[in-house]
Every structure is written in C-alpha cells, then in structure tokens.
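To keep things clear, I will list the structure first and then write my remarks on it.
The values are calculated or read from the model by the stated rules, or taken from the named source; none is laboratory data. Not measured: the values here are computed from a predicted model. Every residue, glycine as well, gets a Cβ built from its backbone with ideal geometry; the counts of neighbours run over all protein chains shown. We work out accessible area using only protein heavy atoms, side chains counted, and drop any ligands, DNA or RNA first. Shrake-Rupley method; radii C 1.70, N 1.55, O 1.52, S 1.80 Å.
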Amino acid sequence: MNSSKSPGLAGFGILKNTTCHTEKKISVFFSIIFMTVGILSNSLAIAILLKAYQRFRQKSKASFLLLASGLVVTDLFGHLINGAIAVFVYASDKDWIRFNQSNILCSVFGICMVFFGLCPLFLGSVMAVERCIGVTKPIFHSTKMTSKHVKMMLTMVCLFAVLIALLPILRFRAYQIQASRTWCFYKTEHVEDWEDRFYLLLFSCLGLLALAVSFLCNAVTGITLLRVKFKSQQRQGRSHHFEMIIQLLAIMCVSCICWSPFLVTMAKIGINESHSKDTCETILFALRMATWNQILDPWVYILLRKAVLKNLYKITRGCCGVHIINLHMWELSSIKNSLKVAAISESPVSSKQINLQPLSNTGQ
C-alpha cells in the first residue's frame, strides 16, 4: 500500500527506523521556552504597532503598520499553534502511533508548518512592495493604498498561503511524520514521485521568491530616499520613511538568515533527493533556525523605533563625541510635506528651485 496516499498509515513506516534522536527533557524545555518568548515578544510588538496605528491612522504610515501588525499576529499564532503541538508531541514521547491513528494531528501540524512558514515571508515582501510604492509613487499610494485595500491584500495573502498548505490534502497526499518524529511536513525521505518533489520545490521557490522581491524593493526604496535627500537637501517629511526602511531591512536580513538554510535544503531534496547529503540533523537544525524568525521579527518593531533610535543616537554621540546625524532627520512632519518632497524629486529642476524655498521656510 502506498503510504503517501493512505492517510491512516502515512508516515508510520518511518517510525521504525529513525535516523536522528532528540533528548525528550531538553527538547520539551526548549520548546516551552521558545514558545513563551515568542508569544511575549509578539504580544509586545502588537501592542506597540496598534498604538502607532492609532496615531498614524490617516497618514501614509498606516498601511505599513497594518501590514506589520498582520505579520506579527501571524507569528503569534504560529507560536501558539505549532508550539503547542510540538510540546504535546514531545510530552507524549513522540508516540505517533498511539495518538495519531487517523493522521489528523500530523495533517494539521503539516498545514500549520507550511502556512505559518510562507505567510510571514509573503507579508514581508508585500510590506517591501508597499513601501516602495509609497516612496516612489506617493500620490498613487495616498489615493489607492487605503486601509480597505490593505486589508484585502492581507486577506489574499493569507488565502494564498492556506491554498498552498492545503494543496497536498486536496490531492489526497498526506503530510509525513519526519525522521526525527517531532514534526510533520512534505515527504523528505525516499522522494521518488514527481508530485512529492513538486511540493518541496513549490514551497522553497515561493519562499526564495518572496525574499528576492523584498531585497529588490528595499533596494529601490533605499536608493530613492537617498537620491531625494541629496537632490533636495530637505530633511523634513521623510523621518517615518527612514524608520520604516530600517525596519524592512532588518526584517529582510532576519528572514534571509533564518529561512535560507531550510528553503535551500528543501530545494536540494526536491531536485535530487537520492544524491542529497542532508541528514535528519541538518534538516532539524535548518528548521530550528527558521523558527527563530518568528521570535526575532517582533523585536525589529520593538527595538527599531524612532524613539529607541534617537536614544541610541544620543548615547553613541555622547560616547564618541562626534556629530554623526542631524537630529532634525527624526523630526516628524505632516503627510503634506512628505508628499511635496517626493513630488519635487520627480519634477523638473526649475520647479524644484521654485518650490523648495517655501518648503524649507516652513521647516524652519
């Protein structure tokens, strides 16, 4: 009987000959610690983002904060659901045959692993695209990127991630218990069927594509901000842009560092599993690195805020005794000045010289 198409028996054959083992007490302890830290971190980040959203509800930063809140909420539920299932598996001594006769728990675990893995990556790329539009096309952003549209984008991203996660179930392919017996995912051992390879490659390609889109959009956003700064010599109107691009760059770096090993490993297995040298320990290490992404994401919003950055700047200037950055960069201005600066940067040189003088006077 083909175990990949038999939900009741899927993955049980692997339990007889595991290739790696994990210490129960240590694993349960670290799972509980990671889950607790992740829940507390994401809860704190949600509170900070909601407070900021109330302040900037009618400004261009509102759409970014809404997307960021969606990302942090997704990470929070990822810790709650995946963490609770992992702790239960460890506490039950990984005896899947006893508590997973119908393979329901493994299917739920696998769906959650895929959904809570891809959804934050998708949201990170959408945030990068949104900020790129906000900086390069501010008029279009202010008229089209409303809260209603952002909520629709959030819904579409979540539905797409759900569809990818449910695809094996819709195709009557059960998720598999992995060799470590601690988690469920696509089939990663003895992959021979083209459909099993397709799921692994689809997951890894979508994740890597999301990282690539984030990198490209963040690069365009950063270059545009620097170009406007040097051309207009106007520091007001972009403090929130700089704050958001710093947060986006941090999110991108964290995602790349945490997710790249796992995505690359899954791609290698999907391309040529028979010659892959990735052992169970390697896959488990890559998975644990990926879970750190959900812990580190909220700290980007907790630490890389304007108030925190200003205090760090003051401390650095006090220690070094050197004037590095003018504090006026962090002064918050109205959305009107922000749109003026961006519009001036795209207008002819003559119009820049006419409009910049009154704008600079208002800043003074």
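Yes/no per residue for (1) crowded, with 21+ Cβ neighbours inside 10 Å; (2) of a type outside the set (F, W, Y); (3) part of a helix (DSSP H, G or I):
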| residue | (1), (2), (3) |
| --- | --- |
| S180 | no, yes, no |
| E189 | no, yes, no |
| E195 | no, yes, yes |
| Y199 | yes, no, yes |
| L206 | no, yes, yes |
| L209 | no, yes, yes |
| A212 | no, yes, yes |
| A219 | no, yes, yes |
Options I111, I139; residue that is touching a residue at least 40 places away in the same chain (Cβ under 8 Å), surrounded by fewer than 13 Cβ atoms within 10 Å (Cβ to Cβ) and in a helix (DSSP H, G or I): I139
Residue check, C106 against (1) surrounded by fewer than 16 Cβ atoms within 10 Å (Cβ to Cβ); (2) under 23 Å from R173 (Cβ atoms), all met but one. Which one? (1)
Scanning segment 79-104 for residues that are of a type in the set (A, V, I, L, M) and touching a residue at least 24 places away in the same chain (Cβ under 8 Å) gives L80, I81, A84, I85, A86, V87, V89, A91, I97
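The rows are residues; the columns are (1) at pLDDT 85 or above; (2) surrounded by fewer than 21 Cβ atoms within 10 Å (Cβ to Cβ); (3) of a type in the set (A, V, I, L, M, F, W, C).
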{"site": "L40", "(1), (2), (3)": "yes, yes, yes"}
{"site": "S43", "(1), (2), (3)": "yes, yes, no"}
{"site": "L71", "(1), (2), (3)": "yes, no, yes"}
{"site": "D75", "(1), (2), (3)": "yes, no, no"}
{"site": "N82", "(1), (2), (3)": "yes, no, no"}
{"site": "I85", "(1), (2), (3)": "yes, yes, yes"}
{"site": "R98", "(1), (2), (3)": "yes, yes, no"}
{"site": "S102", "(1), (2), (3)": "no, yes, no"}
Right, K148: touching a Ser or Thr at 6+ places or on another chain (Cβ under 8 Å) and either without any contact (Cβ under 8 Å) to a residue 12 or more places away in the chain or part of a loop (DSSP other than H, G, I, E, B) (or both) or not? no
Subset of segment 158-191 [of a type in the set (A, V, I, L, M) and touching a residue at least 60 places away in the same chain (Cβ under 8 Å)]: I169, A174, I177, A179, V191
Some residue of segment 73-91 being within 18 Å of L303 (Cβ to Cβ), among the polar types (S, T, N, Q) and under 17 Å from the mean Cα position of the chain (by Cα): no
In this structure, is L154 in a helix (DSSP H, G or I) and open to solvent by less than 50 Å² (accessible area, probe 1.4 Å)? yes
Residues located in segment 70-93, provided they are polar (S, T, N, Q) and closer than 15 Å to L40 by Cα: T74
Just to be sure, is F172 among the aromatic types (F, W, Y) and in a loop (DSSP other than H, G, I, E, B)? yes
Within segment 225-255, count every residue that is surrounded by fewer than 18 Cβ atoms within 10 Å (Cβ to Cβ), farther than 19 Å from S63 by Cα and either modelled with pLDDT of 75 or more or within 18 Å of the chain's Cα centre (by Cα) (or both). 3
Please state which of the following conditions Q54 fails to meet, knowing it meets all the rest: (1) at pLDDT 70 or above; (2) in contact with a His (Cβ under 9 Å, 6 or more places away or on another chain); (3) of a type in the set (S, T, N, Q). (2)
